[in-house]
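Okay, here's the structure, questions in a sec.
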Amino acid sequence: MKTEHVLLRHRDHPEINELENYRKIGGFEVFRKVVTTMQPNEVIEVVKSSGLRGRGGAGFPTGLKWAFVDQKNWPHYVVANADESEPGTFKDREILEGNPFQFLEGVAIASYAVGARAAYVYLRGEFWQIAHQLDRRIQQLYHAGLLGERLFGTDYSLHIFTHLGAGAYICGEETAMLESIEGKLGQPRLRPPFPPSFGLFGKPTVVNNVETLTNVPLIIERGAEWYRSFGTEKSPGVKIFCLSGRVKRPGNYELPLGTPFRKLIYEYGGGILEDHPIKAIMAAGASSSLIVANDPALDTPMDYESVPSLGAQLGSASVIVVDDTVSIDWLINKTVHFFRHESCGKCTPCREGTFWMMHLTDRITAGKASWQDVELLKDVASQMRGKCFCALGEFSIEAVLSGIERFRGDFEARVKG
């Protein structure tokens, strides 16, 4: 049983957001070790063996992504995705504020592993205070000789830069993020080619989430087998679960992957407000399908393989809990308004589809709709599936289609007045 935090280590070691305190617990000794004693491919193999998967939502194997970097095209870049914009997600912010140096060490190790000598931390525009603090801490690393030219007496050099977005959700999509860093409109690129072959400034680039990179220093220090002692065989390691909604104790909980929903919601979250019956779960924030919160669902392990059996995805593990005081038509109206506002407008299915879904859900929630409007809403959402340029449009329909299918009674009650 995990007794210490891997990611939220500031809860065990207060004040490690200052470099002196972080170094007292061995901070940046792992980075020194990899630069002075390991080859880049050795670092990649350790991360591969650990089974670490991307924590931004896609769950793609991290070491495999690093291995895909084109070795015939230089220079290489690393971009850390700190554009935490998904409703219900607030894990990366706690890392950046409480445990920033472990994250920065993860960025540095990833950069060495893929041969990058420049790394960018892309932060959402609302994180401007965090960006200022991160700039100060990066300067401390330069002064300590932990960043800059010819590190630790070797030929390896590394520079880290921060880049603030302008508050656009779409820039959390990796290619839109690269466009934004380049000073262009934050809209997704056509893929392929993928960033490991054609990324920032047209060069091979690895894009990883903050939580993903924060795992790396302890994986290298303690080994792949240690990391695999947490979680499940196919989803090893720990995960920060962001718990919100109608629970008594919302917050971030770092738990092994495979922990059941029931344990998160009732043991850690304290159960439902005023002990109301639980109704639905959104496992991946606003991008989620709605899970019917019956006993089999509550006992389902939260990992990348098990959650799809419920007709949903784990995603970034932003668990929003809904009880019987919430009408599902109201809930999807909120999610559709969000996606309509954040659609970049590049592709017609998303631009027009989110517009019409917004108007239809407004009409339904206001009690001015007929069942034909509900059927039309379902038809609009279905027509968008598989036709959008990037994942935003696909995310916008998940709650809509699953809500109508699994909570039909809420819509029938609303259209009957």
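Stick to the Cα atoms of region 125-198, pair each with every other, and give me the Kirkwood hydrodynamic radius in Å at one decimal. Let's see the in-between values first.
Values: mean 1/r = 0.0695 Å⁻¹.
Averaging 1/r across every pair of different Cα atoms and inverting gives 14.4 Å.
If each residue of separation counts as 0.36 nm, what is the full-extension length gain between ARG385 and ASN41 once their alpha-carbon separation is subtracted? Intermediate results must be reported in sequence, preceding the final value.
Numbers: separation 344, 0.36 × 344 = 123.84 nm, distance 3.92 nm.
Value of the extension gain: 119.9 nm.
Just tell me which aspartates and glutamates come within less than 18 Å, Cα to Cα, of LYS203; anything on the same chain fewer than 8 places away is out.
The reachable aspartates and glutamates, counting only those whose Cα sits under 18 Å from LYS203, are ASP70, GLU173, GLU174, GLU179, GLU182.
Among the aspartates and glutamates, select those whose C-alpha is under 13 Å from the C-alpha of LYS234, and discard any that sit fewer than 8 residues away in the same chain.
Straight-line reach from LYS234, under 13 Å: ASP303, GLU305.
Connecting C-alpha atoms closer than 10 Å in a GNM of the chain, tell me which of PHE201, PHE230, PHE127 has the biggest fluctuation.
With Cα springs under 10 Å in the chain, the top fluctuation among PHE201, PHE230, PHE127 is at PHE201.
Mind checking the log10 I(q)/I(0) for region 9-228 at q = 0.09, 0.10, 0.12 Å⁻¹? Debye, one equal scatterer per Cα, no solvent, two decimals.
-0.31, -0.39, -0.58
Let me ask something else. Over the chain, calculate the relative contact order: mean separation of alpha carbon pairs under 8 Å at least 6 apart, over the residue count, as a percent. Before the final figure, lay out the partial values.
Working: 842 pairs, mean separation 65.9, N = 417.
After rounding, I find 16 percent.
So, one more: Counting pairs of alpha carbon atoms under 8 Å apart in space and at least six apart in sequence, what relative contact order in percent does region 17-119 give? Before the final figure, lay out the partial values.
Values: 93 pairs, mean separation 38.4, N = 103.
37 percent.
Filter the chain for me: DSSP H helices, axial length by Cα at least 15 angstrom, mean Kyte-Doolittle hydropathy not below -1.0. List them by residue number. Don't jump to the answer; show the numbers that get you there.
Working: long enough: 40-50 (16 Å, -0.05); 100-114 (21 Å, 1.11); 128-143 (23 Å, -1.04); 210-222 (20 Å, 0.54); 328-342 (21 Å, -0.29); 348-365 (25 Å, -0.42); 371-384 (20 Å, -0.24); 391-406 (23 Å, 0.61).
Going by DSSP H runs, the hits are 40-50, 100-114, 210-222, 328-342, 348-365, 371-384, 391-406.
With each run of n ≥ 4 DSSP H residues scored as -39500 (n - 2.57), what mean residue ellipticity at 222 nm is computed for the chain after dividing by its residue count and rounding to the nearest 500 deg cm²/dmol?
On the way: 16 runs with 172 residues, N = 417.
The helix contribution divided over the chain gives -12500 deg cm²/dmol.
Given an 8 Å cut-off on Cα distances and at least 6 residues of separation, report the relative contact order of region 9-228 as a percent.
Across region 9-228, relative contact order equals 30 percent.
May I ask for the Kirkwood hydrodynamic radius of region 259-390, worked out over all distinct Cα pairs and given in angstroms to one decimal?
Numbers: mean 1/r = 0.0623 Å⁻¹.
It works out to 16.1 Å.
Taking every pair of alpha-carbon atoms in the chain, what share in percent sits in each 20 Å bin, from 0 to the bin with the longest distance?
Per 20 Å bin, starting at zero, the Cα-Cα P(r) for the chain comes out as 27, 56, 17, 1 percent.
How big is the shadow of the Cα convex hull of region 238-323, averaged over all directions, in nm²?
Numbers: hull surface 17.8 nm².
So the mean shadow area of the Cα hull is 4.4 nm².
Oh, and also: What are the lysines whose alpha-carbon lies under 22 Å from the alpha-carbon of LYS387, with same-chain residues fewer than 8 places away excluded?
LYS346, LYS378
Quote the Stokes-Einstein diffusion coefficient, in whole µm² s⁻¹, for region 192-242, based on the Kirkwood radius over alpha carbon pairs, a temperature of 20 °C and a viscosity of 1.002 mPa s.
Working: Rh = 12.9 Å.
In µm²/s, the coefficient is 165.
I would also like to ask the following. How about region 1-35: which GluC sites (Glu not before Pro) there lie in a loop by DSSP and see at most 15 other Cβ atoms within 10 Å?
Details: sites: GLU4, GLU15, GLU18, GLU20, GLU29; in loops: GLU4, GLU15, GLU18.
For GluC sites (Glu not before Pro) across region 1-35 that sit outside H, G, I, E and B with at most 15 neighbouring Cβ atoms in 10 Å, the list reads GLU4, GLU15, GLU18.
Amide H of GLY231 versus every other amide H placed in the peptide plane: which residues, excluding those fewer than 5 positions away on the same chain, fall under 5 Å?
Distant-sequence amide H within range of GLY231: GLY237, LEU257.
Sorted by packing (mean other beta-carbon atoms within 10 Å per residue), highest first, where do 154-163, 385-394, 75-84, 92-101 land? Before the final figure, lay out each step's value.
Values: 154-163: 15.4, 385-394: 18.1, 75-84: 25.5, 92-101: 22.2.
In decreasing order of mean packing, 154-163, 385-394, 75-84, 92-101 become 75-84, 92-101, 385-394, 154-163.
Let me ask something additional. For region 328-415, max minus min Cα coordinate along each principal axis, in Å, sorted largest first?
36, 20, 19
Return the tail of the calculated pair distribution for region 226-285, meaning the percent of Cα-Cα pairs more than 19 Å apart. The partial results should precede the final answer.
Numbers: 560 of 1770 pairs.
Tail of the P(r) past 19 Å holds 32 percent of the pairs.
Let me ask another. Subtract the Cα-Cα distance of GLU412 and VAL292 from 0.36 nm times their separation in residues, and report this length gain in nm to one decimal. List each step's numbers first, then the result.
On the way: separation 120, 0.36 × 120 = 43.20 nm, distance 1.73 nm.
Contour length minus the Cα-Cα distance gives 41.5 nm.
Give a quick list of trypsin sites (Lys or Arg not before Pro) in region 1-64 that DSSP marks as loop, anything other than H, G, I, E or B, with at most 16 other Cβ atoms within 10 Å.
Numbers: sites: LYS2, ARG9, ARG11, ARG23, LYS24, ARG32, LYS33, LYS48, ARG53, ARG55; in loops: LYS2, ARG55.
Loop-located and lightly packed - LYS2.
Every number in this text was worked out from the coordinates using simple rules, so none of it is lab data. What you see is a predicted model; the values in this text were computed from it and never measured. Note: ideal-geometry Cβ built from the backbone for every residue, glycine included; neighbour counts use all protein chains shown.
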